[in-house]
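Structure record follows, encoded as structure tokens.
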Amino acid sequence: MGGEKERLLAEVSSARERFEREAGSVSLVAEIDALRIRYLGRKGLIADFFSRLAQLPPQDRPVVGKAINDLRAYVSAEIDRLRATAASQARAEVVFDPTLPGTRWERGRFHPLLQVLDEIVDIFTSMGFSVETGPEIETDYYNFEALNIPPNHPSRDLQDTFYLEGPHLLRTHTSPVQIRSMEKQRPPVRMIAPGRCFRKDTPDATHSPMFHQVEGLWVDKGVTFAHLKGVILAFAQKLFGKDVRIRFRPSFFPFTEPSAEYDFSCIMCKGAGCRICKNTGWLEISGAGMVDPAVFGFVDYDPEEYTGYAFGMGVERIAMLKYQIGDIRLFYDNDLRFLSQF
Amino acid sequence: MKTTYNWIREYVELEATPEEVADRLTMLGLEVESLERVQAQFQGVVVAQILSVEPVPGSDHLWLAVVDAGSRYGKMTVVCGARNVRAKLWAALALPGAILADGQRVEPRSFGSVTSQGMLCSEAELGLTSRAEGILLLDNGGSLWTGQDLRDVVGEDWVFEVNVTPNRPDCLGTIGIARELSAAWGKELRLPRPRLSEEPERVEEWVRVDVQAPEACPRYTARFLWDVQVAPSPLWLARRLELVGMRSINNVVDVTNYVMLEFGQPLHAFDYDRLDEGTIVVKFAREGEEFITLDGKLRTLFSDTLLICDRSKPVAIAGVMGGENSEVSERTRRVLLESAYFSPDSIRRTKRKLTISTDSSYRFERGVDPEGVVAASNRACELILRTAGGKLARGIVDVYPDPIRPRTVFFRPSRANQVLGTAIPSREMEGILRRLGLEVQEQETGYAVTVPTFRPDLTREIDLIEEVARHYGYERIHPDPVAPIDESRTGEGRDQLLEKARSLLVGLGFFETVNLSLISRAQAEAFSDGPETLVKVLNPLGEELAWLRPSLLPGLLASTVRNLNRRQPRVFLFEWGKVFARSADGAYCEKMHLAGTICGIFAYRTWRTQERAADFYDLKGVVEEVLRDLTGRKDIRLEASDRPWLEEGGFALCVDETKVGYAGQLARDVLKSYDCEQAVYGFEVDWERVKAVAITERIYVPIPKFPPVQQDLALLADETLPAGAVEAVIWKRGGPYLQSVRLFDLYRGPQIPAGKKSLAFALTFQAEERTLTEQEVRDRIEEILRALAQELGVTLRPR
Ligand SMILES: [Zn+2]
């Protein structure tokens, strides 16, 4: 087996070269450890050389043994040196810095007006109101006539209407949805109708030709004006807090009788008087009332058997109060500097 | 409707302050929109009597007047330019040091040889009315004395602006408002009771009235006065009218306006000498007939325009406006005074067709009191005689063939309590109705209530219930908690799928927007299926808001451009809402859509990543992700399409066989019309279609128990070959265990041949029931590679 001695010596020598090469390309502690295990580990290269050394004839062992021992000493010294360098470099170069900015996750926002609309809808659905929708292009019948607003009636002057051809128009309120819902079913009816409405108002800080409304309706046996005040009070307190008070003032709408305007106590000054409430302590919200018997006539409900209340509210008005927004046009401008605040 | 505190006090005693009156009116449904205190704006002005007047030497327009300013101030000499300065008259003297309404200070002043110690003031200089011609002459009925502070004579007042709802024509007169307060506070209502001294000559000797259209004019009355002196109104009359926003014209016209604001009954005074034969004929106009109203405008009339005519010509549009040809002027000596009841429908039609609205038409179209016509006429005659002198003919011509009778309405207190949710005693209800001027007669099960003709709004029991509630006080009706939910009714909630879409888009970085549904023609046309499908508003606010949007994209694009102009680097927007169209048969239709646009930076440069602009693939990825989630489908296909507003027609979004919408880069020429220089990518889906294909239920698929095998393929393909074609072949040949195919690298460069690109896919194979063998996977890969080579000329990229 004369060739084994030479072969082993050649392998030891090339192992040294390979180690030199590999040691030149490692820097991380983990890499150095892997290198050490490959050469010095229990099943490493050098351990393998020693086990093959034991197979050699005794006369050959001193020479080869010395070569392997030299290699081992060299490799251990180099590994120690590499470790020391790596440790000092690690401290100097890669320091974890938690103050670097976190990753920027781009996200959008819900429109503030629709956030308020969602909140209103949630409040009423929690009180057992269903959500109904209807067309935005309406007919004169549903928008006016069936709501007891006959043609040529002065109350049509209350709302400037956008007209399309024939009997068609852009709905001026979501009240037509009430009629459509009552046509579809017998009482009890407990619903709200949220949605876009249109009136021929020149845009300014408080007017817009398009706006959002939520209308509510409850028709059943024994529904009273006191219930109407009850639902408005509950709504006011869920929306603006327990200390909000409500005020009903007589008013006129063709589709309700008795009719009322309802106010909330000022959410800014708690009723003491401030700029927002023009020193009255009250914020005008919208109109409400008991469904006029004439309206029941149009949907064939017996007004002696059933009574009902209806109420409306402008979503923009409430959102403007809630967020202290002074100009309604901001809602339709969609400026990201505005939208990103909500 | 404007009125004043002192005016109301003429009809009802008020203990309340003006503020309390305003609150009370508001809580009665007569909302006081403003309350303005009017005070004397001058000081140092006293009542004085002019003793003598002579010309200032050397002047042809100045007068030297000696005035008596009472014991305290003595006699003074003043220079005055007014033409109405006469000895013995009573006037307002500004003493030296006095302050006038405009803040000017009065000081002694020299006019050549003479010195003016003070100043005789006009009404305008004192801020009382706008009349600047001539000095203020005071009407001394014995209540004035020289030296009296003028502020005590023209005291303060408070002007109420009351928002009178259309159902309350009775409150378009101060008396109606006073009646509400009298009912609310239980005070007596004191109506004016004119004492008229009539001449022996009867009115019929001068005036004939022929009503040929009794439906449009149920009642017409006329009175006649002669020897009338038309002149400027006395201060009290001019001032009161001006306080409530009406210009003072002359005593006769002012009286008709005053009585209108008092009774709510419009009146019209004709110059009798300009009426042919002293005859009034009430009839409809001929279609196309022309007439000049007293505002000087030529009006073309319709066959249903009611006219007041004399024997030969029209002299007024009934209830709307008089004519130039018969109006009262300074030369008028004889007056025919009209007080009538025109039907609301007729006036309203005329007002609308002629587009004129006057204080008079406003009241007639809401309904004046047919039984109050004569009382108002009498009151006006009394005031004309008082302010303009003259003589009144005996009697009144009153054409009222079919008198309007008061209505009787049955009222049940129990029903009122049932509707209101109250327990108001019957007696209290009865008292409220009585105080409002209604006659109440008790019957077995309720009350028979007779409603006077000045309340045309009270026709049904429910109307009386409202009266009771109003005067009982809405504030005294206690809120009844919301009744428990009736569980049998399953209310429809919000559109849950839409809620999901909104949340997804917001989470993915989109801002929800609300854009106007009304847009310009150009904006609408660019996103339409043809101009004939667009919906136009017939009476728009302006061209910019004349069309209903056929798509959500024009609004999103406009919002995008506004944000870009405000230097926003990243504009990701979405909106949901209705879009509108007309079908071929002319029917209007509206659909719910959902749309989004992206523009600008997708990812900002950070300390460890590069900046990247948003592009088509960002849009595609978001649309696929959202639609996958909403519809419960794995596969969302984009097919080449033909939308003109998208670059090269854009892509149709397909779920199974349904096209649910479109996506792509917005066409350059469209962007140009918005002055947008940056690329914008957008999508829009028909929400009902999305909902129709959506599978919202999810069924659990067991999680695989056996490990997946992953295999990467680096392929070389022609530059022109779409990656999708390669992927399709991989899927087709991948066999039942191929779970996913993911393109993870696209490379073009020096290491591969020109005209080629390298596509690297990661393929995952997995079987439910066992671990796949290496051989199985290798066989599949080989089959895929064979097919790719044969069908597409795609080869494995050499290492
Ligand atoms: Zn306040």
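The values are calculated or read from the model by the stated rules, or taken from the named source; none is laboratory data. Quick caveat: nothing in here was measured; it's all calculated off a predicted structure. Don't worry about glycine lacking a Cβ; one is built from the backbone with ideal geometry, like all the others, and counts go over all protein chains shown. Ligands, DNA and RNA are excluded from the accessible area calculation, which covers all protein heavy atoms including side chains. Shrake-Rupley method; radii C 1.70, N 1.55, O 1.52, S 1.80 Å.
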* To do: Roll a 1.4 Å probe over the protein chains and send me the accessible area per residue for chain B in Å².
  => 47
* Under a 10 Å cutoff between Cα atoms, tell me which one of A:SER265, A:SER126, A:SER208 has the largest fluctuation in the Gaussian network model of chain A. => A:SER126
* Grab the beta carbon distance between B:THR609 and B:ASN565, set R0 = 35 Å, and tell me the FRET efficiency rounded to 0.05. => 0.80
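Quick check: from the Cα gyration tensor, does the range A:112-339 come out rounded (a/c under 1.5), prolate or oblate? Before the final figure, lay out the partial values.
Values: a/c = 1.69, a/b = 1.23, b/c = 1.37.
It comes out oblate by the Cα gyration axes.
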* Asked: If one takes the accessible area of chain A alone plus chain B alone and subtracts that of the pair, with a 1.4 Å probe, what total in Å², rounded to the nearest 100, results?
  -> 7600
* Structure fact -> For the range B:341-357, Karplus-derived ³J(HN,Hα) couplings (6.51, -1.76, 1.60; θ = phi - 60°; whole Hz; x for glycine and proline) come out as 10, 9, 6, x, 4, 4, 5, 5, 4, 4, 4, 6, 5, 8, 6, 10, 10
* Asked: Which residues of the range B:16-40 show a drop of at least 40 Å² in accessible area when all protein chains are present, compared with their chain alone (probe radius 1.4 Å, heavy atoms only, ligands and nucleic acids excluded)?
  -> B:MET27, B:GLU31
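Could you grab the Rg to Rh ratio for the range B:316-361? Cα atoms only, Kirkwood for Rh. Each step should come with its number before you reach the end.
On the way: Rg = 12.3 Å, Rh = 11.9 Å.
Dividing the radius of gyration by the Kirkwood radius yields 1.03.
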* Asked: With contacts defined as alpha carbon pairs under 8 Å and 6 or more residues apart, what's the relative contact order of chain B in percent?
  -> 8
* Structure fact -> Excluding ligands, DNA and RNA, the carbon-plus-sulfur percentage of the accessible area of the range A:2-93 with a 1.4 Å probe reads 54
* Asked: Roughly how many percent of the accessible protein surface of chain B is carbon and sulfur, given a 1.4 Å probe and a whole-percent answer?
  -> 48
* Structure fact -> Along the dipole axis of the protein assembly as shown (charges at Cβ: +1 for Lys and Arg, -1 for Asp and Glu; origin at the Cα centre), the most positive-end residue among B:VAL255, A:VAL131, B:ALA216 is A:VAL131
* Angle between the Cα long axis of helix B:553-565 and the longest principal axis of chain B, 0 to 90 degrees, nearest 10? -> 90
* Asked: Using a ≥ b ≥ c from the Cα gyration tensor of the range A:2-93 (square roots of the eigenvalues), is it rounded, prolate or oblate, where a/c under 1.5 gives rounded and otherwise the larger of a/b and b/c decides, a/b for prolate?
  -> prolate
* Cα Rg over Rh - the protein assembly as shown, Kirkwood -> 1.18
* Asked: What is the Cα centroid distance between the range A:221-276 and the range B:95-129, reported in whole angstrom?
  -> 54
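Suppose R0 equals 45 Å; then what is the FRET efficiency for B:ALA692 and B:ASP718 from their Cβ-Cβ distance, rounded to the nearest 0.05? It would help to have the intermediate numbers written out before the result.
On the way: r = 40 Å, r/R0 = 0.88.
Result of the calculation: an efficiency of 0.70.
Loop-only check: which trypsin sites (Lys or Arg not before Pro) in the range B:519-591 are DSSP coil with at most 15 other Cβ within 10 angstrom?
Working: sites: B:ARG521, B:LYS536, B:ARG562, B:ARG566, B:ARG567, B:ARG570, B:LYS578, B:ARG582, B:LYS591; in loops: B:ARG566, B:ARG567.
In loop regions of the range B:519-591 (DSSP not H, G, I, E or B), the sparsely surrounded trypsin sites (Lys or Arg not before Pro) are B:ARG566, B:ARG567.
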* For labels at B:THR459 and B:GLU287 in the simple 7 Å Cα→Cβ model, what's the distance in nm? -> 3.0
* Asked: Top mean-square fluctuation among A:PHE296, A:PHE96, A:PHE50, Gaussian network model of chain A, C-alpha springs under 10 Å?
  -> A:PHE50
* Taking H as built 1.01 Å from N, whose amide H comes closer than 5 Å to the amide H of B:LEU138, not counting residues under 5 places away? -> B:TRP90, B:ALA91
* Structure fact -> Checking every Cys Cβ in chain A against the others at 4.7 Å leaves as unpaired A:CYS197
* **Per-residue HN-Hα couplings for the range B:120-133 [Karplus 6.51, -1.76, 1.60; θ = phi - 60°; Hz; x = Gly/Pro]** => 8, 9, 8, 5, 5, 5, 8, x, 8, 9, 8, 6, 10, 8
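Going through the range A:19-120, which trypsin sites (Lys or Arg not before Pro) have at most 14 other Cβ atoms within 10 Å and a DSSP loop state?
Values: sites: A:ARG21, A:ARG36, A:ARG38, A:ARG42, A:LYS43, A:ARG52, A:LYS66, A:ARG72, A:ARG81, A:ARG83, A:ARG91, A:ARG104, A:ARG107, A:ARG109; in loops: A:ARG42, A:LYS43, A:ARG104, A:ARG107, A:ARG109.
Taking the range A:19-120 and a limit of 14 other Cβ atoms within 10 Å, the loop trypsin sites (Lys or Arg not before Pro) found are A:ARG42, A:LYS43, A:ARG104, A:ARG107.
For the protein assembly as shown, give me the percentage of DSSP beta bridges that are antiparallel, rounded to the nearest 5 percent.
On the way: 179 of 189 bridges.
Close to 95 percent.
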* Residue-level accessible surface for B:PHE263, protein heavy atoms, 1.4 Å, Å² -> 60
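About the Cα centre, and with charges only on the beta carbon of Lys, Arg (+1) and Asp, Glu (-1), how big is the dipole of chain B? Nearest 20 debye, please. Could you put the intermediate results ahead of the total?
Working: 100 positive and 118 negative charges, 238 e Å.
Dipole magnitude for chain B comes out near 1140 debye.
Is there a quick way to get the dipole size of the range A:2-93? I mean about its Cα centre, with the Cβ of Lys and Arg at +1 and of Asp and Glu at -1; what is the value in debye to the nearest 20? Spell out each step's value before the answer.
On the way: 16 positive and 14 negative charges, 48 e Å.
Magnitude of the dipole: close to 240 debye.
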* Structure fact -> Residue separation between B:GLU198 and B:GLN751 times 0.36 nm, minus their alpha-carbon distance, gives in nm 187.2 nm
* **Magnitude of the charge dipole, the range A:112-339, Cβ model with Lys/Arg +1 and Asp/Glu -1, debye to 20** => 940
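Please figure out what share of the DSSP beta bridges in the range A:112-339 is antiparallel and state it in percent, rounded to the nearest 5.
In the range A:112-339, approximately 95 percent of DSSP beta bridges are antiparallel ones.
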* Asked: Tell me, what ³J(HN,Hα) does each residue in the range B:55-72 have, in order and in whole Hz, if you take phi through Karplus 6.51 cos²θ - 1.76 cosθ + 1.60 with θ = phi - 60° and put x for Gly and Pro?
  -> x, 6, x, x, 10, 9, 9, 10, 10, 9, 10, 9, 10, 9, 9, x, 5, 6
* In degrees, nearest 10, range 0 to 90: what is the angle between the Cα axis of helix B:18-27 and the longest Cα principal axis of chain B? -> 50
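Given a 1.4 angstrom probe, I'd like the percentage of the accessible area of the range A:112-339 that is carbon and sulfur, rounded to a whole number.
Values: 3640 of 7470 Å².
Carbon-and-sulfur percentage of accessible area, whole number: 49.
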* Residues whose placed amide H lies under 5 Å from that of B:ILE280, excluding near-sequence neighbours -> B:ARG208, B:VAL209, B:ASP210
* **Length gained when the stretch A:TYR163-A:HIS207 is fully extended (0.36 nm per residue, less Cα-Cα span)** => 14.0 nm
* Structure fact -> Everything considered on the Cα gyration tensor (a ≥ b ≥ c; rounded for a/c under 1.5, else prolate if a/b is larger than b/c, else oblate), chain B must be described as prolate
* To do: Starting from the amide H of B:LEU307, placed 1.01 Å from N in the peptide plane, find each other amide H under 5 Å away whose residue is 5 or more places distant or on another chain.
  => B:LYS283, B:PHE284, B:ALA285, B:ALA318
* Once the dipole of chain B is set up with Lys and Arg at +1 and Asp and Glu at -1 on Cβ about the Cα centre, which of B:PHE580, B:VAL53, B:ALA558 lies farthest towards its positive end? -> B:ALA558
* Heavy-atom surface of chain A, accessible at 1.4 Å and reported per residue (Å²) -> 44
